[in-house]
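Read the figures in this text as sums done on the coordinates, not as results from a lab. For clarity, every value in this text was computed on a predicted model and none was experimentally measured. Note: ideal-geometry Cβ built from the backbone for every residue, glycine included; neighbour counts use all protein chains shown.
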Amino acid sequence: MAGAAAGVSISISISTAARSLLRRRRSYTSASTLRPPPFAFRSRSITPTPRPPPLPLPLRVQLSSLHSDVESQASVSKGQSEGSQIIFLGTGTSEGIPRVSCLTNPSKTCPVCSKATQPGNKNRRRNTSILIRHVTASATSNILVDAGKFFYHSALQWFPIYGLRRLDAVLITHSHADAIGGLDDLRDWTNNVQPHIPIYVAQRDFVVMQKTHYYLVDTSVVLPGAAVSELQFNIIKEEPFTVHNLKVTPLPVWHGPGYRSLGFRVGDVCYISDASEIPEETYELMYNCDLLVLDALRPDRSSTTHFGLPKALVEVRKIKPKRTLFTGMMHLMDHDKINEDLLKLKETEGLDVQLSYDGLRVPVSL
């Protein structure tokens with residue numbers, strides 16, 4: 001047998017033993033083409049499916065960034081806590097940010113939604129929700145305000161980072177899906193952490209839950225052996241009540257014409273996440289507020305059901321808190337750009353106003 005390499009002919013002698021071995025290999029190869037050996041896979045021709053054209057470069061999203069649990073506050077260590085605090089579990093609208101419709105639009109790039117795909121970006125927002133961590137000399141209690149559609153994802157990211165485990169109570173602002181859509185996810189707590197969770201809700205919203213979450217309200221309909229959230233419903237009125245030695249004052253507001261929603265005051269913190277109008281009697285309940293968390297949907301105008309930034313600033317000037325953090329922002333609210341503009345108000349008017357963001361932790365006095 002001869003082979004050519006670089007124009008040089010090289011002769012290779014093959015011994016009789018080598019030729020015999022080669023013949024045996026050829027014989028096996030010939031037989032194997034007729035009858036495959038045991039457990040051999042038969043190949044077949046597959047016509048490849050044409051791949052769809054890729055999205056424009058600005059719209060490509062890496063799943064690793066969408067599901068990254070990168071901590072937005074690098075200085076926070078697991079379980080670190082000193083005193084009472086407010087933790088923002090979500091600061092966005094019902095649909096959340098980024099929007100799928102924006103990321104899949106081949107003709108237009110949404111700057112805020114594109115930024116929100118980046119790990120740790122403060123434009124990534126889930127349903128509005130806060131956790132009140134009430135720390136006293138004798139005990140610490142975790143009080144959740146609203147459990148919306150994205151509650152599980154918020155808890156998955158922020159509970160381990162902040163050393164949170166128990167949920168001692170849930171306060172409900174209203175009965176829209178972005179406030180109660182995650183109640184079913186509380187089964188992880190009542191099955192594995194604690195026997196039950198008290199829910200504090202207005203009568204009108206409890207009536208809605210009797211339809212949307214009937215199996216949580218009346219567990220007698222649940223089949224034996226099925227695991228659902230064990231919730232204890234407590235009907236509240238528009239008057240102060242106590243949760244784990246913490247006084248909670250409801251702040252009634254209008255969330256669109258004729259639709260009543262609640263904010264809450266704990267200590268000198270006032271929280272109003274879903275509002276289009278504040279009744280005059282509610283202003284009196286917010287007197288001498290240190291921290292105001294207020295609804296601000298978009299930068300240019302209000303909607304039927306939410307304050308826009310201009311109207312929210314009017315409310316801040318009327319309420320006169322020491323500090324304000326806006327929440328409930330849609331994808332027209334770019335975190336860095338809006339905050340840069342808001343900083344100017346501190347120089348011109350002395351207003352301490354900024355946008356909040358998911359994962360923000362604020363020390364408070366309760």
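Cross-link partners of LYS311 among aspartates and glutamates, defined as those whose alpha carbon lies under 12 angstrom from its own and excluding same-chain residues fewer than eight positions apart: GLU277, ASP295, ASP300. Using the alpha carbons alone, the radius of gyration of segment 98-226 stands to its Kirkwood radius in an Rg to Rh ratio of 1.04. Pairwise inverse Cα distances across segment 286-366, averaged and inverted, put the Kirkwood hydrodynamic radius at 13.0 Å. Based on Cα contacts under 8 Å between residues 6+ apart, segment 84-150 shows a relative contact order of 38 percent. Kirkwood analysis of segment 74-173, using all unique Cα-Cα pairs, places the hydrodynamic radius at 14.9 Å. When you filter the GluC sites (Glu not before Pro) in segment 297-366 for DSSP loop state and at most 15 other Cβ atoms inside 10 Å of their Cβ, you are left with GLU349. Residue separation of ALA137 and THR249 scaled by 0.36 nm, minus their Cα-Cα distance, works out to 38.1 nm of gained length. Please work out the FRET efficiency for the pair LYS237 and ASN105, using the Cβ-Cβ distance as r and a Förster radius of 41 Å; give the result to the nearest 0.05. Computed FRET efficiency for LYS237 and ASN105: 0.35. Shape class for segment 190-230: oblate, because the ratio a/c of the largest to smallest gyration tensor axis (alpha-carbon atoms, square roots of eigenvalues) is 1.5 or more and b/c is at least a/b.
A simple charge model with +1 on the Cβ of Lys and Arg, -1 on the Cβ of Asp and Glu and nothing else charged puts the dipole of segment 268-366 at about 180 debye relative to its Cα centre. In a reduced charge model with +1 at each Lys and Arg Cβ and -1 at each Asp and Glu Cβ, segment 153-202 shows a dipole moment near 160 debye about its Cα centre. Computed from the mean reciprocal separation of all distinct C-alpha pairs, what Kirkwood hydrodynamic radius does segment 149-189 have, in Å? For segment 149-189, inverting the mean 1/r across all distinct Cα pairs yields 11.0 Å. Qualifying trypsin sites (Lys or Arg not before Pro) in segment 98-185, where qualification requires a DSSP coil assignment and no more than 13 other C-beta atoms within 10 Å, comprise LYS108, ARG165, ARG166.
From the square roots a ≥ b ≥ c of the eigenvalues of the alpha-carbon gyration tensor of segment 323-366, which class results: rounded (a/c under 1.5), prolate (a/b over b/c), or oblate? Note, shape of segment 323-366 comes out oblate. Here segment 238-278 is treated as an ellipsoid with the same Cα gyration tensor; its semi-axes, largest first and in whole Å, are 21, 10, 6. For the pairs LYS320/LYS344; LYS320/LYS346; LYS122/LYS322; LYS122/LYS320, flag any whose C-alpha to C-alpha distance is greater than 21 Å. Going by Cα-Cα distance, LYS122/LYS322; LYS122/LYS320 fall outside the 21 Å limit. Pairs of alpha carbons in segment 205-328 separated by more than 25 Å make up 36% of all such pairs. Partner aspartates and glutamates whose Cα lies under 12 Å from the Cα of LYS115, excluding those fewer than 8 positions away in the same chain, are identified as ASP334, ASP336. For segment 203-251, rounded, prolate or oblate, judged on the Cα gyration tensor with a ≥ b ≥ c (square roots of eigenvalues), a/c < 1.5 rounded, else prolate if a/b > b/c? Since a/c reaches 1.5 but b/c is at least a/b, the shape of segment 203-251 is classed as oblate. Per residue, the Cα convex hull of segment 146-289 amounts to 122 Å³.
Shape analysis of segment 247-301 based on the Cα gyration tensor places the equivalent ellipsoid semi-axes at 19, 14, 9 Å, largest first. Note: relative contact order over segment 257-366, using C-alpha pairs below 8 Å and six or more positions apart, is 23 percent. Packing around the peptides 281-288, 321-328, taken as the average count of other Cβ atoms within 10 Å per residue, puts them in this order, highest first: 321-328, 281-288.
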